[in-house]
Amino acid sequence: MTPYTIFLLTLAPLLWAGNAIVGRLVHEMVPPITLNFLRWAIAFLILLPLAGPVFRRGSGLWPNWRRFALLGLLGIGMYNALQYLALKSSTPINVTLVAAGMPVWMMLTGWMFFGAKVSRQQMMGAALSIAGVLLVLARGEFRHLLELRLVAGDIFMIFATIAWSIYSWMLTRPIEPAEIRSQWASFLLAQVGFGVIWSGLFAAGEWAITDAHIQWSWMLAAALAYVAIGPAVIAFRCWGAGVQRAGPSVAAFFSNLTPLFAAIMSSAFLGEAPHLYHGAAFLLIVGGIVVSSRRT
């Protein structure tokens, strides 16, 4: 847990919180699954000049194309589409709060499918982090939890979080040749290439079975530029590097910063004032990160 690793794992949630805010702002301008496809199509064009040779015959992509196809499905095709779909009926803070159950799903996924052991410190860290999330959800008074009602968007976000947990654990598995992993742009473009195909298929289905339409504007263009450059290219680069350095279980606790950042951005862009309990929740979430990452 070096300062650089902490920076990587903090910047990604900050950008993803912005992604939730922007997704909510434009949810009436563009269908959610189409938004996901446009986002990753732009990201693909950004990455292509940096790592285009990864698609050449003989590159490390093709012996591992099944792995990259699954990474593209889980991390790009499913997770982001489900998140934008969730924002149609839920708020940015609620969506990011549901996603903040990530440490629990990450530990369960690692234990069930990847042979990972769960330490007492990780369980204590998960408890602290989730307490911080619940404090925000309860608006500073835990009695409000009894009034909580999940909407369809919250259910979509639960499935998205499970998909992201599997995706993150797959990032830690060795891959040959190792050069494709060491070159971040090539490693990400290999995933995005398949992810664009998956998201394109899902978007085609959305247009086929719904009354989909796009309201083009400068605001939508700016939103697409942000979600493609920040939450897509930069955040995925930071998250991938951070997971490889700290491991999925520890990295998952940093994802719990996303609801806090979303609450602050909601205050700035959606007119919702911050409260004292946001600060208390921040301390609990950070406490969970510190406890879970300490060496025994």
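No value in this document is a laboratory result; all are computed from the given coordinates. The model shown is predicted, which means the values in this text are computed figures rather than measured ones. All Cβ positions, glycine included, derive from the backbone under ideal geometry; neighbour counts span all protein chains shown.
Structure above, values below:
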quantity	calculated
Backbone HN-Hα couplings from phi across region 229-236 [Karplus 6.51/-1.76/1.60, Hz, Gly and Pro as x]	8, x, x, 8, 5, 5, 5, 5
Long-range Cα-Cα pairs in the chain (distance over 22 Å), rounded percent	57
Gain upon complete extension [ALA212, THR2; 0.36 nm per residue less C-alpha separation]	71.0 nm
Region 3-19-region 85-127 distance, computed between alpha-carbon centres (Å)	17
Förster-model FRET efficiency, 30 Å R0, LEU201 and ARG57, C-beta, rounded to 0.05	0.75
Charge dipole (debye, nearest 20) of the chain; +1 at Cβ of Lys and Arg, -1 at Cβ of Asp and Glu	860
Listed residues ALA131, PRO3, SER89: farthest to the positive end of the dipole of region 3-293 (Cβ charges)	PRO3
Difference of contour (0.36 nm per residue) and Cα-Cα distance, GLU176 to GLU28	48.9 nm
Centre separation in Å (Cα based) which lies between region 53-73 and region 166-183	11
